[in-house]
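In what follows, a single structure is set out as C-alpha cells and then discussed.
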Amino acid sequence: MSNHDAKTKTPFYGERAIAEGELICFENPNKKRPYEISIELPEFTCLCPFSGYPDFARLRLLYQPDQKVLELKAIKLYINSYRDRKVSHEQVANEIIDDLLEACSPLWMQLEADFNPRGNVHTVVRVAHGSRKAC
C-alpha cells in the first residue's frame with residue numbers, strides 16, 4: 001500500500017483532524033484598545049434531532065478579544081465536528097458560544113446562526129455574552 005493510500009483510508013485525514021481538533025488561541029497582539037473580529041462560517045451543518053434531516057446554516061461570529069484570540073483553523077475543525085450531531089438550532093448556537101467563551105474569555109461575543117429555510121420556516125438564533133465596547 002502506498003503512503004498516499006494510507007493517508008486516505010477511513011477514517012480520512014479530514015475526519016481524523018476534526019476528531020482530534022480542539023479550540024486553541026493565541027495571545028492578543030493588541031490589548032491597548034477594544035477591536036472586533038468577525039468570522040463567517042457559511043457551511044455549517046448538523047442534523048435535526050427530530051427528523052435526522054440535515055440542517056444547514058451560516059454562522060456569523062463577532063467578538064472583542066481580551067487576552068486571547070481564537071485560531072481560525074481550530075474554529076473550522078471545531079465547527080465541522082457538528083456535521084453528524086443531532087442538535088436543535090437553539091442548543092447548537094448556545095453550545096458553540098459557550099465553548100468559544102470558555103476557550104478565549106472575550107470582552108464581548110455574539111454568535112448568529114442563520115439556518116437555511118426548510119419547510120417554509122427560516123430560523124435565526126442570536127446569542128451574546130458580555131458588554132460590547134466602542135471601537
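Contact map, the stretch 35-64: residues that are farther than 13 Å from residue 83 by Cα and among the hydroxyl-bearing types (Ser, Thr, Tyr) paired with residues that are modelled with pLDDT under 95 and surrounded by fewer than 20 Cβ atoms within 10 Å (Cβ to Cβ), Cβ distance under 9 Å, separation 6+ or inter-chain. Pairs shown: 35/135. Close Cβ contacts (under 9 Å, 6 or more residues apart or on different chains) running from residues in the stretch 101-113 that are more than 10 Å from residue 128 (Cβ to Cβ) and touching a residue at least 60 places away in the same chain (Cβ under 8 Å) to residues that are buried (at least 19 other Cβ atoms within 10 Å of the Cβ) and of a type in the set (Gly, Ala, Ser) comprise 113/57; 113/93.
Table: residues versus (1) at pLDDT 95 or above; (2) in contact with a Pro (Cβ under 9 Å, 6 or more places away or on another chain); (3) of a type outside the set (Ser, Thr, Tyr).
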position: 70; (1), (2), (3): yes, yes, yes
position: 75; (1), (2), (3): yes, no, yes
position: 89; (1), (2), (3): yes, no, yes
position: 99; (1), (2), (3): yes, no, yes
position: 104; (1), (2), (3): yes, yes, yes
position: 123; (1), (2), (3): yes, yes, no
position: 135; (1), (2), (3): no, yes, yes
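Listed conditions (1) surrounded by 12 or more Cβ atoms within 10 Å (Cβ to Cβ); (2) out of contact with any helix residue (DSSP H, G or I) (no Cβ under 7 Å at 6 or more places or on another chain); (3) part of a loop (DSSP other than H, G, I, E, B); (4) hydroxyl-bearing (Ser, Thr, Tyr) are all met by residue 45, apart from (3). Within the stretch 66-102, if we keep just the residues that are in a helix (DSSP H, G or I) and over 12 Å from the mean Cα position of the chain (by Cα), the residue that is farthest from residue 56 (Cα to Cα) turns out to be 102. When the stretch 9-21 is limited to residues that are exposed (fewer than 10 other Cβ atoms within 10 Å of the Cβ) and not in a helix (DSSP H, G or I), the one that is nearest to the chain's Cα centre (by Cα) turns out to be 10. Looking only at the stretch 117-135, count every residue that is touching a residue at least 12 places away in the same chain (Cβ under 8 Å) and assigned to a strand (DSSP E or B) and tell me the total. The total comes to 8. No other residue among 56, 115 is crowded, with 16+ Cβ neighbours inside 10 Å and either under 11 Å from the mean Cα position of the chain (by Cα) or at pLDDT 95 or above (or both) apart from 115. Here is the figure for the stretch 65-96: residues that are buried (at least 20 other Cβ atoms within 10 Å of the Cβ) and closer than 20 Å to residue 34 by Cα total 2.
For every residue, the table says whether it meets (1) closer than 16 Å to residue 129 by Cβ; (2) among the β-branched types (Val, Ile, Thr).
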site: 13; (1), (2): no, no
site: 34; (1), (2): yes, no
site: 58; (1), (2): no, no
site: 79; (1), (2): no, yes
site: 85; (1), (2): no, no
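Just one residue in the set 92, 121 is over 30 Å from residue 15 (Cβ atoms) and of a type in the set (Val, Ile, Thr); that residue is 121.
The values are calculated or read from the model by the stated rules, or taken from the named source; none is laboratory data. Worth saying up front: this structure is predicted, and the values here are computed from it rather than measured. As a convention, Cβ positions derive from the backbone with ideal geometry for all residues, glycine included, and neighbour counts pool all protein chains shown.
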